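The values are calculated or read from the model by the stated rules, or taken from the named source; none is laboratory data. This one's a predicted model, so the numbers in the text were calculated from it and none came from an experiment. Don't worry about glycine lacking a Cβ; one is built from the backbone with ideal geometry, like all the others, and counts go over all protein chains shown. In case anyone asks, the SASA skips ligands and DNA or RNA and just uses the protein heavy atoms, side chains included. Shrake-Rupley method; radii C 1.70, N 1.55, O 1.52, S 1.80 Å.
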Amino acid sequence: MSAVVIVGAQWGDEGKGKVVDFCTEFADVVVRYAGGPNAGHTLVVGDEKVIVRLIPSGILREGTRCVLGQGMVVDPSVLIGEIDTLEGRGYAGLAARLTVSDRAHLILPYHVLVDSLREGGKGAIGTTKKGIGPAYEDKVRRTGVRAGDLRDLGRLRARVEAALEAWLPTITHLGGRAPSAAELMEPMVPLAERIVPMLDNASKLVDDAIRAGRRVMLEGAQGTLLDIDHGTYPFVTSSNAVAGGAAVGSGIGPNRISTVLGITKAYTTRVGAGPFPTELDDRDGQHLREVGAEFGSVTGRPRRTGWLDLPALRYAARVNGLDGLALTKLDVLTGMDRLKVCVGYDTPAGRTSEFPIDLLDVPGVLPVYQELAGWTEHLGEYRTLDELPSTARAYIRFLEEGAGVPVYFLSVGPRRRETIVLHNPFVGRAAAP
Ligand code: IMP
């Protein structure tokens, strides 16, 4: 009677799409608990790439119920657009398998407008410009519009008008033009018609599923270091991406969660501004970007690349309570002569093995590296740990010991079959009755 959380252990883009997609084979219910269309999950199905931003990855599997939890911010037009795109690719009947929490907040055009206007100015932090921050601001300011408001167009209009009034000074100050409530409502009517049948009390649905012994997966978005509380503030997203957010964002008690799986790449990437101590600006960084195809799936921006940061991983292990790791993109390191791993930090106060998260921009705070040998073999065909080159195994062991967390899944290529399973937290659980 429990749920498994899957959470990004770095700055997002850890390869959650593939791991979540792999795990959904074992899950009856998949719930997204935070964020919105700022997430981009690239799924490789056969040889076809499918990108989903809002809908949980499990939607591609018939028989899996997918839930957009109340911790999310949902852009109605993106949601309907995704359903239509996937249905156009032959995945039929998606709406019937999709539940939207009636407490999830809506991203409306004025949120996207404010996000874009701000990103054009001095305080830009490199957001995805999808309206995420402004929608969460509305939620906290108590002027938000929730998915449940779509059930009553009169109430919806009143809430939109109140929110517009609250945003007007900001939009004017930023040099934008606020849309009128009438302009906003016109496209909302057909969207509401399609979304209302998907609305439900998601908290009860998820809790009931757990009580009935169904296998529930709580799918995180972004990553630990982008979490509003535990990330590299202010260069963060606006929600709790960490595992603790899974209980709040899906509406279940924390004691319903049995396992937390953290996802980490074998190196590090980041998109957007903010500190990144192990960042590389040389041929190694270029290798990681090109071989790893490190370009944002939502924005197309080239990702910043760098070495693995073990203090950061240990930090993620602590704030999430990680039980196991899914280590992704190990294959991308093939062909690099020597690999560096950050094992600690030099700070003005001395050397530390802790991740100095609030001091990363202080002069003199610098990563300390240890070098490990690389390998030249292509890893994609290996199916067991023992087959891997000894230097790759040594790299994995070093990572496990440094993070203090064992590797459960090892990804050696983008395809589903290019995965080595060392421990599957879903196996041994009851399947759907
Ligand atoms: P926002 O979530 O669009 O407000 O962006 C805030 C920060 O989080 C920016 O640095 C974004 O690049 C980053 N971010 C948001 N979503 C993702 C993601 O899914 N992967 C990686 N970075 C993300």
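Remark: the stretch 85-128 carries 43 Å² of accessible area per residue (probe radius 1.4 Å; ligands, DNA and RNA excluded). Against the criterion of solvent-accessible heavy-atom surface with a 1.4 angstrom probe, 371, 14, 87 sort, most first, into 371, 87, 14.
Ligands, DNA and RNA aside, residue 290 has an accessible area near 120 Å² when probed at 1.4 Å. With Cα atoms defining each centre, the stretch 240-275 and the stretch 365-424 are spaced 21 Å apart in the structure. Length available on full extension from residue 141 to residue 368: 0.36 nm per residue minus the Cα-Cα distance, which gives 77.5 nm. The residues 49, 329, 265, sorted by heavy-atom accessible surface at 1.4 Å with ligands and nucleic acids left out, run 49, 329, 265 from largest to smallest. In terms of distances greater than 19 angstrom between alpha carbons, the cross-link table entries 18/265; 18/139; 18/204; 129/265; 18/129; 139/204 yield 18/139; 18/204; 129/265; 18/129; 139/204.
Among beta bridges from DSSP that stay inside the chain, the antiparallel ones total about 40%. In this Cβ point-charge picture (+1 for Lys and Arg, -1 for Asp and Glu), the stretch 342-426 has a dipole of about 340 debye about its Cα centre.
Accessible surface of residue 172, taken over heavy atoms with a 1.4 Å probe and every protein chain present, rounds to 90 Å². Of the DSSP H helices in the chain, those that are both long (alpha-carbon extent of 24 Å or more along the helix axis) and hydrophobic (Kyte-Doolittle mean at least -0.5) are 153-173. Taken over the C-alpha atoms, the stretch 105-197 has Rg and Dmax values of 13.2, 42 angstrom.
Over the chain, the Kirkwood radius and the radius of gyration, each from Cα atoms, give a ratio Rg/Rh of 0.97.
Expressed as a whole percentage, what fraction of the accessible surface of the chain belongs to carbon and sulfur atoms when a 1.4 Å probe is rolled over the protein heavy atoms? That share works out to 51 percent.
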